[in-house]
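Taking it in order: structure first as structure tokens, then the write-up.
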């Protein structure tokens with residue numbers, strides 16, 4: 001069995017990125033002033049029939065998800081009969097942390113811990129979104145990026161940095 005790993009939400013802001021270390025601010029800043037955050041959580045179930053219970057648990061969160069301040073988009077994704085994921089995009093780290101303390105979310109996390117063999121999450125600060133992101137429908141409009149979408153900009157910056165050594 002793999003050891004359990006978790007990231008405390010309060011620690012997210014202490015993580016850095018090479019572009020941020022260099023003083024380059026490329027993050028998408030929402031109208032509320034926070035950087036967009038994306039969270040993916042993967043659930044590896046103990047038994048295939050528990051997938052229905054996981055989906056019912058997710059559906060139980062929908063009312064609170066719709067009302068969550070700062071939630072831009074969310075989805076429940078099916079990987080296989082034994083694994084599923086959730087994906088959410090938040091207007092700020094503070095909005096993400098606030099939702100993590102909502103009673104229905106706490107209840108869903110406890111239920112997932114009983115149903116799952118493994119659970120892991122990853123958190124990202126979004127530095128850009130593709131023009132196609134706006135095709136993902138939702139009640140809250142996507143914030144605008146600070147510049148044009150260039151998926152290779154980080155790689156180009158890293159090559160320049162490595163070449164300067």
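Counting only helices (runs of 4 or more DSSP H) that sit completely within segment 47-123, those holding 1 or more residues that are under 17 Å from residue 140 (Cβ atoms) and out of contact with any strand residue (DSSP E or B) (no Cβ under 6 Å at 6 or more places or on another chain) correspond to 50-67, 93-100. Considering only residues in segment 59-100 that are more than 14 Å from the chain's Cα centre (by Cα) and surrounded by 19 or more Cβ atoms within 10 Å (Cβ to Cβ), the one that is modelled with the highest pLDDT turns out to be 84.
Restricted to segment 31-42, and to residues there that are at pLDDT below 90 and in contact with a helix residue (DSSP H, G or I) (Cβ under 9 Å, 6 or more places away or on another chain), the residue that is surrounded by the most Cβ atoms within 10 Å (Cβ to Cβ) is 34.
For segment 120-142, a tally of residues being within 19 Å of residue 76 (Cβ to Cβ) and touching a helix residue (DSSP H, G or I) at 6+ places or on another chain (Cβ under 6 Å) returns 1. Considering only residues in segment 125-137 that are at pLDDT 80 or above, surrounded by fewer than 14 Cβ atoms within 10 Å (Cβ to Cβ) and not in a helix (DSSP H, G or I), the one that is farthest from the chain's Cα centre (by Cα) turns out to be 137. What do you reckon, is residue 143 at pLDDT below 80, farther than 20 Å from residue 57 by Cβ and not in a helix (DSSP H, G or I)? Yes: the conditions hold for residue 143.
Scanning segment 43-67 for residues that are touching a helix residue (DSSP H, G or I) at 6+ places or on another chain (Cβ under 7 Å) and over 12 Å from residue 84 (Cβ atoms) yields a total of 4.
The values are calculated or read from the model by the stated rules, or taken from the named source; none is laboratory data. As the structure is a computational prediction, the values presented were derived from the model and not from experiment. With ideal geometry, Cβ positions are generated from the backbone for all residues, glycine too; neighbour counts draw on all protein chains shown.
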